[in-house]
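A short write-up of the structure that comes next.
What follows draws every value from the coordinates through simple rules; no lab data is involved. Everything quoted here is computed from the prediction, not taken from an experiment. Methodologically, a virtual Cβ is constructed for each residue, glycine included, from the backbone with ideal geometry; neighbour enumeration extends over all protein chains shown.
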Amino acid sequence: MRKIYLDNAATTPIHEEVIDEMADCMKKTFGNPSSTHVFGREAKAKMELSRKKIAEALQVSPAEIVFTSCGTESNNLIIRSSVDHLGVKRIITSNLEHKCVKETSLEMGECRNVEVVKVKTDVNGSVDLEDLEKILKSSDQKTLVTLMHANNEIGNLLDVKKVQTLCEENAALFHTDTVQTLGHYPMDLSELKVDFASCSAHKIHGPKGIGFAYIKKSTRLRPQITGGGQERGLRSGTENVYGVVGLAKAFEMAIQDLDKHKTHIESLKKYTIDQLKATIPGVEFNGLSADLEKSLYTVLNIRLPFKDALIGFELELKGIAVSQGSACSSGAAKVSAVIESILTPEQIETTTPIRVSFSCYNTKEDIDALVGVLKNISEKHLVPH
Ligand code: PLP
């Protein structure tokens, strides 16, 4: 049976070229970048070349790119250090953030006496920017706003430029979790002027265990992990040189092929929406995910008009991998917090959400197979008794 992977927001297959580049580095460049001899210098050179490539693509200084182990660590570093070292006393965030932002913000509330304020979101899961402005203006405590660029479950895109302007007008720091968007959209961070952003290689066909935090130099953020002072003092620990090389290659390829892949994936997403509407009466889509302008093109959150807790299992029996809600951390097939906060209790009772997420490797045949299986499952549920 052919296996079909439609869970690319959870992770992506690694490009062959990335594997080759990493394997070559593993074979030839084993030195510790902190060593002063030639072996170390070679490893250091690979690290710095990688950093430079990424920084150039984002129009920022290489010193503003800090390699970490993943998106989670980048978000933790930014939020925790903003509180610990930059005097942040208030965090404005939303209910729809990834757990690594949500839990970290909550912990800052519980353990560091920080006020955590949740901005309103509407029935589609969009952030209410008027409410954000009201909250920003309601206090002059040192504030960090942390709002994701694209939601990993329903794909809603945030107007980052607008939020940045609001933050600037109100002297707040702005962190945007760009784990689902860096490498998928052209992004000039110097023009966007956010203070912090985050990236994870495994979301863009790179390896797991490596990511970076973008930290604007002027913020003067300080580290969470201390020791040998690697990463210009911002993240100690011997560097994951192979991971960094893989991340830079994946990032370079993502930027190079961005338009081609965006066009391909967008047309697949549109095709999926059209086919589902034509095949399953009553099918709808959660959040703004069916709005091609306002959502991340790699994510579609389908609302099937019947309850089927085993849907993921049934699709898997036919070789198709999707996500029921968000499977990033636990793999648990229960309604996610994001879906819970945008649907009514009745909708939760009577519908089944599944997240389909695409990559450049998906084809129309993958979608035909998915729609075919969903059609059969729907017919079982929707047949009049
Ligand atoms: N932020 C978002 C929006 C994500 O989708 C994810 C992973 O799914 C993360 C953060 C965490 O990234 P990582 O898996 O690299 O820790």
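Some observations on this one:
- Ordering of 248-257, 80-89 by burial proxy (mean other Cβ atoms within 10 Å per residue, highest first): 248-257, 80-89
- Nonlocal amide H pairs with Gly211, under 5 Å, H built at 1.01 Å: Thr68, Ser69, Cys70, Ala201
- Segment 114-133 and segment 237-254 have Cα centres lying 35 Å from one another.
- Annotation for segment 7-60 versus segment 335-356: alpha-carbon center distance of 40 Å.
- For segment 34-50, backbone phi angles converted through the Karplus equation (6.51, -1.76, 1.60; θ = phi - 60°) give residue-by-residue couplings of 8, 6, 8, 6, 4, 5, x, 5, 5, 5, 4, 4, 5, 4, 6, 5, 4 Hz, Gly and Pro being listed as x.
- Amide H contacts of Asn8 (H built 1.01 Å from N, under 5 Å, at least 5 apart or other chain): Ser357, Phe358
- Charge dipole (the chain, unit charges on Cβ, about Cα centre) - positive-most of Thr146, Ala23, Gly228: Gly228
- The residues packed around Pro207, meaning those with a beta-carbon under 15 Å from its beta-carbon, carry a net charge of -4 if Lys and Arg are +1 and Asp and Glu are -1.
- Degrees between helix 71-86 axis and first principal axis of the chain (Cα, 0 to 90, nearest 10): 50
- Over the chain, relative contact order from alpha-carbon pairs under 8 Å, at least 6 apart, %: 23
- FRET efficiency, Lys134 to Leu106 (Cβ-Cβ, R0 25 Å, nearest 0.05): 0.70
- Taking amide hydrogens as placed 1.01 Å from N in the peptide plane, the amide H of Phe285 sits under 5 Å from those of Arg303, each at least 5 positions away in sequence or on another chain.
- Only Lys, Arg, Asp and Glu carry charge here, each on its Cβ (+1 for the first two, -1 for the last two); on that basis the chain has a dipole of about 840 debye about its Cα centre.
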